[in-house]
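So the structure is just underneath, and the comments pick up after that.
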Amino acid sequence: MTAAPIISVRGLITRFGKNTVHDGLDLDVRRGEIIGVVGGSGTGKSVLLRAIVGLLKPAAGKITVFGEDVRNTSVADYRRLRRRWGVMFQGGALFSSLNVQQNVEAPMREQLDLSPETRAALAAIKVKMVGLPENALSQMPSELSGGMRKRAGFARAIALDPEIVFLDEPTAGLDPIGAAAFDALIAQLQSALGLTVFLVTHDLDSLHAICDRVAVLAERRVLATGTMKDMQEIDHPWVQAYFKGPRARAALVQKDTA
Amino acid sequence: MTTAPKITLTDGILRLQGDLLISTIEAVNWSTPQSHDAKAIDLGAVGRLDTAGAWAVVSLERQLGLTGQTIGASEPQDGLLRTVRDHMPGPAHPGAGQTGIIDELEAVGRRATSAFGATISIIGFMGQVVATLASLIIQPARIRWTSLVHHMQQVGLNAVPIVFLMSFLIGVVLAFQGATQLRQFGAEVFVVDLIAISILRELGVLLTAIIVAGRSGSAFTAAIGSMKMREEIDALRALGLDPVEILVVPRVLALILMLPVLGVIANMAGLIGGALMSWIELGVSPGVFQSRLASNTGVWHFGVGMIKAPFFALIIGIVGCFQGMQVKGNVESLGSLTSASVVLSIFLVIAADALFSIFFSIVGV
């Protein structure tokens, strides 16, 4: 693939007070791939995601998405840019005063001028696509289980058919069956909608099952990127421990027998 | 960069062209005349297609009875069409807005029984707190002294400035309003009695209780409610500890101890404000004010006010903690219960004050 990367991060530095989270971080994401971002707790995976989508202002560095600089854009440009990506936060982050249908409709309502019937039909399709029953549409977020909330958050993230979806730990806190179903869902929608997926995760099974490439965050930068197979050969204690630990072996065995 | 979509009908084939996207589909007139003669839908000239576009195509298929007769779609477009076809919503959405008279009646019944249930459980909670308090008086070693002192500072000491200022201003207002009325009868000096009796008997303690309900009652609900949300209450129970003993009793006890103190401060501030205003407005010197206060106002006026203070404190503490315990998992219930806590405790304080007035008038003090 020689096409220009859809997301490119160069020399990113983020700090919270005296604590430097990223120090000269570089990362490229290619169009149409599922990239898994892994790293120990506190290595700034979610911070990286927030910096890319512009929720957090880094101390230095250049972040371009679709070839446009995220940091130095006018408000109108940023708004237009934002329509082309969707974000699913940990735990779904649904608006608690709106029901599922209104949550999924929220981006359409704010960004586009659609008739209520069209919005309702599209919201119903998205909700069914993420595997929720149709009667979930009228339910409030507090009535949903954690897994259903994540699915509804995913439906909201893809409401406008974005080109990139950012997913923050989509399978964390789900039971193995639910997590596997969510992985399958991401892969299925990725191929159906032609998404680029930026996946922050701890879940080795997800990495094996759906990620085209993996980026390892450690020592305040991206230590390595490559396929899961490449990761096995990287000679770094943390990478070795992560990808060759007991859990990693279990995930590998599961994949081989599957 | 998007090309507007168009529909044309040629040789019985409905040809779509342009970009079928969420932002463009509503610009298309989907009900092209004679399209009912169409035998197939051709997507060969369609540029980009998203879920919304696919939905429009699938709806068109269904409308014309042409399901599966769509040709010319590229491989990814076909995949998207298939996905959308599998997930089309059912025809009728169950309407949420239909409510008949029966539903209305049912809602009234539900509200009535839930109000009744809430009354029963708040009385039960009060019994639990009082029983725990009594058992702690027998075994004072089990009282959480650090927590008690902390809450005494929070609800008592930290509230002194606002209580003082409020009561001072009430004294000023009473003197000012009383003076204009009493001057008409040449009875200016009775302003002392007016201020002293109204502040000592009623206003000092009542207004202090209202301020404390707004300040500390809401804080109790919010603190205990967020502990409930984060399962801290369950964690305490799992450790074999009684949340009433650890969280509720120190708060209620701190209020019972501090509200009378705040009441005394409020009484003093009100008298000072009243005396100051009487001096400026009516020329009643502080010396006259003091001697008139001592000779004409019985100590029972002060006593009546003070007797009410611990009861008000009990009401505020119980309601605040009880509402905190009612918080369920979501954030909204925390907000609504916090405001309900303030409204309910202020209402109950005023209702109790009315009952006390009747009681004291029967007793004759």
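The values are calculated or read from the model by the stated rules, or taken from the named source; none is laboratory data. Nothing here was measured: the structure is a model prediction, and the numbers come from that model. Positions of Cβ are backbone-derived with ideal geometry, glycine not excepted, and every protein chain shown enters the neighbour counts. Quick note on the areas: whole protein, heavy atoms, side chains included, nothing else; ligands and nucleic acids left out. Shrake-Rupley method; radii C 1.70, N 1.55, O 1.52, S 1.80 Å.
A few notes on this one:
- Applying the condition of being touching a Pro at 6+ places or on another chain (Cβ under 9 Å) and among the β-branched types (V, I, T) to segment A:105-135 and asking which residue is surrounded by the most Cβ atoms within 10 Å (Cβ to Cβ) yields A:V127.
- Search result, residues across segment B:319-329 that are over 12 Å from B:A352 (Cβ atoms) and in a helix (DSSP H, G or I): B:G320, B:C321, B:F322, B:Q323, B:G324, B:M325
- Single match in A:V38, A:V53, A:V47 (criterion: free of Cβ contacts under 8 Å to residues at least 40 places away in the same chain, under 21 Å from A:M88 (Cβ atoms), among the aliphatic types (A, V, I, L, M) and out of contact with any Cys (no Cβ under 8 Å at 6 or more places or on another chain)): A:V47
- Unique match (being open to solvent by 30 Å² or more (accessible area, probe 1.4 Å) and either out of contact with any helix residue (DSSP H, G or I) (no Cβ under 7 Å at 6 or more places or on another chain) or basic (K, R) (or both)) among A:S145, A:S138: A:S145
- Residues that are open to solvent by 10 Å² or more (accessible area, probe 1.4 Å) and touching a helix residue (DSSP H, G or I) at 6+ places or on another chain (Cβ under 6 Å) within segment B:74-87 comprise B:G79, B:T83, B:R85, B:H87, listed in sequence order.
- Checklist (1) buried (at least 18 other Cβ atoms within 10 Å of the Cβ); (2) away from chain B (no Cβ under 14 Å); (3) free of Cβ contacts under 8 Å to residues at least 40 places away in the same chain; (4) under 21 Å from the mean Cα position of the chain (by Cα) applied to A:R213, failing item: (3)
Conditions (1) at the interface with chain B (Cβ under 10 Å from one of its Cβ atoms); (2) under 23 Å from the mean Cα position of the chain (by Cα); (3) part of a loop (DSSP other than H, G, I, E, B), marked per residue:
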residue: A:S96; (1), (2), (3): yes, yes, yes
residue: A:K128; (1), (2), (3): yes, yes, no
residue: A:G147; (1), (2), (3): no, yes, no
residue: A:R151; (1), (2), (3): no, yes, no
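- When B:A269, B:A254, B:A294 are screened for being within 34 Å of the chain's Cα centre (by Cα) and either surrounded by fewer than 17 Cβ atoms within 10 Å (Cβ to Cβ) or over 30 Å from B:F322 (Cα atoms) (or both), only B:A269 passes.
- The listed residue being surrounded by fewer than 17 Cβ atoms within 10 Å (Cβ to Cβ) and in a loop (DSSP other than H, G, I, E, B), out of A:G24, A:G42: A:G42
- Entirely in segment B:136-239, the helices (runs of 4 or more DSSP H) that have 1 or more residues that are open to solvent by 30 Å² or more (accessible area, probe 1.4 Å) and charged (D, E, K, R): B:160-183, B:218-229, B:232-238
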